[in-house]
Each structure stands twice: as C-alpha cells, then as structure tokens.
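Structure, as structure tokens:
The values are calculated or read from the model by the stated rules, or taken from the named source; none is laboratory data. The structure displayed is predicted, hence computed values, not measured ones. In this analysis, Cβ positions are derived from the backbone assuming ideal geometry, glycine residues included, and neighbour counts consider all displayed protein chains.
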Amino acid sequence: MHIKKRLHIEDKVLKKFLDNANKDVVYISFGTVASNFPRKITNEIKKLVESENGNLLFVWKTNLTDWVPPSNVFMRKWMPQIAILCHPNVVAFITHSGMLSTSEAVHCGVPVVGVPLFGDQFANAQSAVESGIGVTVDIFTLNQRELKNALNIILQEKYQKKAKELSRVWKDRPLSPMDTAVFWIEYVARHKGAVNLKPPTVGMPLYHKCRNNKQRVRVDAQEKYENKVKDLLLSVLEDQITNFDRHSDISC
C-alpha cells in the first residue's frame with residue numbers, strides 16, 4: 001500500500017551510478033533497526049564487495065564512515081529503497097527480510113538473500129525460499145564465502161525469472177492496494193461495523209480459544225500418526241503379497 005506507482009531517484013549521484021551501471025547491481029540493506037552491525041559482520045560484507053570489484057556493483061545502505069569503498073560500491077546512510085529495487089539494473093537484494101523489504105522485493109521482481117535477525121523476518125525469509133525467489137544465510141555464520149555462494153544462487157536465471165513472474169502476479173489485481181483498503185474501510189463504515197464479516201469466534205473467551213487450539217494440535221498429531229500407521233501396514237501387506245506370489249505354485 002505504501003508503494004507509489006511513479007518512483008523517482010532524486011539523488012543525482014545515485015541515479016547516475018545506477019543508470020550508467022555496466023554490470024549487475026546488488027542492493028544491500030538491513031533496515032533501520034539493524035543499521036549498526038557488529039564490526040565482524042560489516043567486515044565480511046566489505047570483503048564480499050571488494051572481492052567482486054569488476055564483476056558486480058553494489059548499493060549499500062550503511063552508517064560506515066571509516067572505510068573508503070572501492071569504485072564498485074555506492075554507500076549512503078539513507079536510500080530510496082523501492083526506487084532502487086525497481087531500477088532495471090538491480091538484480092539482487094541482500095536483506096534482513098523485514099515485511100516491507102520483502103514485499104518491496106516481490107513488487108519489483110528482485111530475488112533476495114535473506115539474513116533474518118528476529119521476529120517475523122525468519123518467516124518472511126522462508127517464504128521467499130519456498131516461493132523460489134530467495135535463499136537464506138544464518139547471521140551467526142555469515143561470512144564472505146556464504147554471501148558469495150548465496151548471491152551466485154539467486155543470480156541464476158531461474159531465480160531471476162521466478163522473481164519477475166511473481167511480481168507480475170503480485171501486481172495483477174482489480175484494485176490497487178490503497179483503493180482496496182479504502183473500499184473495505186468505507187464498506188465497514190457503511191454497514192455499521194459489518195457484522196456479517198465477523199467470525200463466530202470473535203466473542204469466544206480466551207480460554208476457549210486456547211482449548212480449541214490444543215485440541216486442533218492433538219487432532220493433527222493423531223492424523224499424522226494414523227497416516228504413518230496406515231503407510232506401515234500397507235507396506236507390510238505389499239511385502240506379504242509379493243512373497244506369496246513368489247512362492248505360490250498356483251497358476252491362473
């Protein structure tokens with residue numbers, strides 16, 4: 001809903017860096033909260049971008065001030081993230097996998113290297129993996145080699161195509177996200193709270209919800225167990241039939 005249709009990069013130096021890129025550009029940002037990474041982490045990222053000088057270009061949102069980057073790196077404390085991700089020369093995103101960053105990557109059709117730090121970021125990163133547009137790197141084992149391997153994966157054609165395909169699906173909707181939000185807010189207001197949309201459990205006490213959740217977990221566990229038993233019995237039955245056919249003298 002926060003993504004505008006027309007995106008402009010007002011920073012002329014950044015715009016020139018992206019427009020004149022003669023190599024693929026990788027965008028690096030870990031959000032505002034994680035802008036001050038431990039020295040060990042930033043050192044590994046520096047090793048990565050330095051080792052790729054001549055192969056890749058990097059736009060890195062960081063607070064670093066005591067390092068002179070090589071010519072293949074553009075650094076700023078703040079970046080117009082959506083406009084960068086939607087630039088045609090940007091082909092990969094190294095991210096903390098926040099909800100907004102993830103949705104912006106999907107909108108712009110850019111595959112991601114997810115380095116989740118806390119909260120919903122782990123689920124967001126895993127969702128990108130399951131959607132075929134991302135890989136993850138553990139923050140505790142992050143190093144130049146792991147980042148390089150992860151980048152090599154998402155730079156593959158199948159990841160690039162999948163990201164563009166998912167972007168097309170994401171954007172193919174009857175109304176924009178903003179118009180959709182406005183419609184439903186006005187709908188609820190017109191119908192005095194829209195009681196028809198409220199689930200029957202809305203007034204259920206918390207202890208009932210907890211009990212139902214526990215029952216559901218037990219039912220799911222029981223079904224899984226029963227399925228395993230069925231599979232085991234079927235395999236035993238198949239073995240018996242096979243043995244019978246092998247040793248039987250009866251001919252049809």
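If the condition is being in a loop (DSSP other than H, G, I, E, B), modelled with pLDDT of 85 or more and either among the aliphatic types (A, V, I, L, M) or closer than 19 Å to Gln156 by Cα (or both), then segment 18-39 contributes Ala21, Asn22, Lys23, Asp24. Name the residue, out of Val68, Val59, Val25, that is in contact with a helix residue (DSSP H, G or I) (Cβ under 9 Å, 6 or more places away or on another chain) and farther than 23 Å from Ile139 by Cβ. Just one listed residue meets the conditions, Val25. The condition (being charged (D, E, K, R), surrounded by 10 or more Cβ atoms within 10 Å (Cβ to Cβ) and modelled with pLDDT under 75) is satisfied by just one residue among Lys171, Lys228, Lys164: Lys228. Of the residues examined, Thr42 is not one that is among the polar types (S, T, N, Q), modelled with pLDDT of 95 or more, over 30 Å from Ile185 (Cβ atoms) and surrounded by 14 or more Cβ atoms within 10 Å (Cβ to Cβ). Do you know which residues across segment 76-96 are of a type in the set (A, V, I, L, M, F, W, C) and either at pLDDT 95 or above or within 30 Å of Lys161 (Cβ to Cβ) (or both)? Correct list: Met79, Ile82, Ala83, Ile84, Leu85, Cys86, Val90, Val91, Ala92, Phe93, Ile94.
Taken over segment 63-75, the criterion of being farther than 18 Å from Lys148 by Cβ and out of contact with any Phe, Trp or Tyr (no Cβ under 8 Å at 6 or more places or on another chain) is satisfied by Asn63, Leu64, Thr65, Asp66, Trp67, Val68, Ser71. The set of residues in segment 111-141 that are of a type outside the set (S, T, N, Q), within 16 Å of Ile45 (Cβ to Cβ) and surrounded by fewer than 19 Cβ atoms within 10 Å (Cβ to Cβ) comprises Leu117, Asp138, Ile139, Phe140.
Taken together, Thr32, Thr65 contain a single residue that is more than 14 Å from the chain's Cα centre (by Cα), among the polar types (S, T, N, Q) and closer than 27 Å to Ser176 by Cβ, which is Thr32. Per the conditions (1) surrounded by fewer than 16 Cβ atoms within 10 Å (Cβ to Cβ); (2) among the charged types (D, E, K, R); (3) farther than 26 Å from Gly119 by Cα; (4) without any contact (Cβ under 8 Å) to a residue 40 or more places away in the chain, the sole criterion not satisfied by Asp19 is (4).
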